[in-house]
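Enquirer: Just passing along the structure, written as structure tokens.
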């Protein structure tokens with residue numbers, strides 16, 4: 001036992017907790033340098049407030065409840081828009097990946113729509129929906145739709161045909177073939193789509209909120225600009241970064257759980 | 001899948017064809033007394049892909065439990081013949097008959113690639129082979145038994161990606177065996193393996209065939225492998241059976257013996273002489 005311990009010691013020497021912290025060294029260092037630059041007056045606070053000021057602004061907004069409310073509103077819009085656009089994209093991806101007819105019928109149209117930058121629709125969307133919730137949800141759903149659609153379609157189309165033949169030989173029904181062969185085979189590609197979509201989700205939402213909204217993080221930043229509250233503007237930007245990181249981490253955890261068979265997710 | 005439903009010959013004709021197969025009786029003594037295998041009768045079988053006629057009238061009778069190897073140059077139609085027997089493709093004319101009351105689970109195919117599901121553990125990959133029975137209560141025990149037969153019990157909970165090429169192919173063999181097939185078709189199953197793994201896999205194939213007594217049809221480009229394993233070697237040239245060679249050597253066979261080497265040489269010269277003619 002002790003022999004095994006001493007042999008495996010060099011490997012366990014790298015503490016796993018430390019591994020998780022390594023990724024935060026660079027962001028923390030940047031904040032530290034930034035703080036020093038502000039305090040010494042190297043960067044004027046009119047251009048960029050010190051991190052301590054930003055934190056103070058955050059603390060005040062937190063106490064007033066404004067911060068939590070705005071984050072919650074944005075989070076809610078993002079998730080609902082993502083769910084709507086993601087499920088429609090997934091459904092079209094499935095249909096067009098599995099059925100020739102469906103693909104012939106809709107793929108060309110979808111490809112044309114895809115090439116319109118969805119943010120270019122903002123003026124039209126404001127005319128249609130005003131600055132209502134549905135305007136933001138519509139834009140987020142539209143932005144999220146394409147990466148999920150394209151990657152689901154690609155995933156299904158590239159499932160190994162030899163495995164499908166194998167499934168047929170072993171008497172799998174269509175449903176079983178989908179559940180046991182096609183869907184798991186398409187899953188890695190679907191996850192690529194989800195991670196792309198999460199990025200687009202925040203981008204769309206923030207742009208939509210800065211242009212047409214009366215609540216949310218984007219609105220908070222725009223209001224702050226009106227009143228020259230540069231610390232709140234910077235705070236909003238930092239929160240976007242954190243939320244984006246959070247969404248990405250969540251999808252990674254999900255990926256790791258569902259793709260544990262994949263060689264890329266196996267330890268050693 | 002409608003693998004089993006073919007145009008089948010009338011009973012009487014089938015029986016008479018079985019009697020006419022000249023070497024069938026000689027070979028039967030070598031095999032286990034009770035064979036679970038199915039006899040196979042093929043008549044005037046034709047298959048084309050577009051203008052390319054791949055099989056130009058194959059007539060063949062394989063007695064139950066026989067181990068038949070099919071050799072030939074690439075593109076001669078040997079894999080097509082195997083795919084037709086396994087019911088993977090439809091033929092244009094002729095008939096394939098496997099006796100009556102054949103279930104889909106009775107015929108299994110093993111390919112050059114293992115074709116394992118990467119997202120299923122080894123044991124559930126084997127369970128796939130049970131066909132319609134895979135949700136039955138004894139699926140686990142049956143799959144475990146098949147894994148034991150190929151000597152991979154300790155890998156049951158592994159992902160396929162961690163297995164070696166030979167181990168993957170043994171899992172594929174266990175998956176093919178788990179439903180106790182009566183015809184097992186091999187499409188160059190050892191083609192991608194290294195020489196040593198290949199020899200141990202050949203021994204494994206021979207052992208399970210002797211234990212279970214299914215009818216085995218092995219397509220291979222390796223003539224040495226064909227004479228080492230088979231009761232009978234068919235040489236296919238240009239879509240027809242050009243030679244039908246009986247291998248009477250007693251089992252277990254000694255690899256590299258003069259007898260097998262002589263047989264291998266004569267089959268190879270058949271193949272090469274066909275090359276000269278074209």
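The values are calculated or read from the model by the stated rules, or taken from the named source; none is laboratory data. For clarity, every value in this text was computed on a predicted model and none was experimentally measured. Cβ placement follows ideal geometry from the backbone for every residue including glycine, while neighbour counts extend to all protein chains displayed.
Enquirer: Mind checking which residues of segment B:125-170 are under 20 Å from residue A:174 (Cα atoms) and without any contact (Cβ under 8 Å) to a residue 12 or more places away in the chain?
Expert: Applying the first criterion (under 20 Å from residue A:174 (Cα atoms)) to segment B:125-170 yields B:125-136.
Result: B:134, B:135, B:136.
Yes/no matrix, rows are residues, columns are (1) farther than 30 Å from residue B:126 by Cβ; (2) surrounded by fewer than 18 Cβ atoms within 10 Å (Cβ to Cβ):
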| residue | (1), (2) |
| --- | --- |
| A:131 | yes, yes |
| A:153 | yes, no |
| A:158 | no, yes |
| A:170 | no, no |
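Enquirer: Does residue B:75 meet the test of being more than 14 Å from chain A (Cβ to nearest Cβ) and surrounded by fewer than 23 Cβ atoms within 10 Å (Cβ to Cβ)?
Expert: Numbers: more than 14 Å from chain A (Cβ to nearest Cβ): yes; surrounded by fewer than 23 Cβ atoms within 10 Å (Cβ to Cβ): yes.
For residue B:75, the condition - more than 14 Å from chain A (Cβ to nearest Cβ) and surrounded by fewer than 23 Cβ atoms within 10 Å (Cβ to Cβ) - is met.
Enquirer: Return the residues of segment B:179-197 that are part of a loop (DSSP other than H, G, I, E, B) and closer than 25 Å to residue B:131 by Cβ; say none if nothing qualifies. Let's see the steps before the verdict.
Expert: Looking only at segment B:179-197, we keep the residues that are part of a loop (DSSP other than H, G, I, E, B), and these are B:179-182, B:188-194.
Once the filter is applied, which keeps residues that are part of a loop (DSSP other than H, G, I, E, B) and closer than 25 Å to residue B:131 by Cβ, segment B:179-197 yields B:179, B:180, B:181, B:182, B:188, B:189, B:190.
Enquirer: When you check residue B:82 against the structure, is it within 14 Å of chain A (Cβ to nearest Cβ), surrounded by 19 or more Cβ atoms within 10 Å (Cβ to Cβ) and farther than 17 Å from residue B:217 by Cβ, yes or no? Working first, answer last.
Expert: On the way: within 14 Å of chain A (Cβ to nearest Cβ): yes; surrounded by 19 or more Cβ atoms within 10 Å (Cβ to Cβ): yes; farther than 17 Å from residue B:217 by Cβ: no.
Criteria not met by residue B:82.
Enquirer: Can you name every residue in segment B:87-103 that is under 17 Å from the mean Cα position of the chain (by Cα), surrounded by 21 or more Cβ atoms within 10 Å (Cβ to Cβ) and at negative phi?
Expert: B:96, B:97, B:98
Enquirer: Can you name every residue in segment B:66-105 that is part of a helix (DSSP H, G or I) and out of contact with any strand residue (DSSP E or B) (no Cβ under 7 Å at 6 or more places or on another chain)?
Expert: Residues of segment B:66-105 that are part of a helix (DSSP H, G or I), as a first pass: B:78-85, B:104-105.
Within segment B:66-105, B:83, B:104, B:105 meet the criteria.
Enquirer: A further question on this structure: Any residue at all in segment A:95-102 that's touching a residue at least 60 places away in the same chain (Cβ under 8 Å) and under 17 Å from residue A:155 (Cα atoms)? Spell out the reasoning first.
Expert: Residues of segment A:95-102 touching a residue at least 60 places away in the same chain (Cβ under 8 Å): A:97-98.
If we keep only those that are under 17 Å from residue A:155 (Cα atoms) too, we end up with A:97-98.
Within segment A:95-102, one or more residues are touching a residue at least 60 places away in the same chain (Cβ under 8 Å) and under 17 Å from residue A:155 (Cα atoms).
Enquirer: Would you check which residues across segment B:104-144 are within 9 Å of chain A (Cβ to nearest Cβ), crowded, with 22+ Cβ neighbours inside 10 Å and over 20 Å from residue B:86 (Cβ atoms) and list them?
Expert: Scanning segment B:104-144 gives a single hit, B:119.
Enquirer: In segment A:233-260, which residue that is over 18 Å from the mean Cα position of the chain (by Cα) and either in contact (Cβ under 8 Å) with a residue 40 or more places away in the chain or assigned to a helix (DSSP H, G or I) (or both) is nearest to the other protein chains (Cβ to nearest Cβ)?
Expert: Top of the filtered list is A:259.
Enquirer: Continuing with this model, one more query. Any chance you could count how many residues in segment A:184-232 are part of a helix (DSSP H, G or I) and away from chain B (no Cβ under 14 Å)? Reasoning before the result, please.
Expert: Taking segment A:184-232 first, the residues part of a helix (DSSP H, G or I) are A:184-211, A:217-226, A:230-232.
Pick out the ones that are also away from chain B (no Cβ under 14 Å) and you get A:192-211, A:217-226, A:230-232.
Within segment A:184-232, residues that are part of a helix (DSSP H, G or I) and away from chain B (no Cβ under 14 Å) number 33.
Enquirer: Given (1) crowded, with 23+ Cβ neighbours inside 10 Å; (2) at pLDDT 90 or above, identify the lone condition not met by residue B:46.
Expert: (1)
Enquirer: Here's something else I'd like to know. Within segment B:221-258, which residues are surrounded by 15 or more Cβ atoms within 10 Å (Cβ to Cβ), farther than 30 Å from residue B:51 by Cα and without any contact (Cβ under 8 Å) to a residue 60 or more places away in the chain?
Expert: B:224, B:228, B:245, B:247, B:249, B:253, listed by residue number.
Enquirer: Of (1) in a helix (DSSP H, G or I); (2) at pLDDT below 95, residue A:145 satisfies all except one. Which?
Expert: It is condition (2) that residue A:145 fails.
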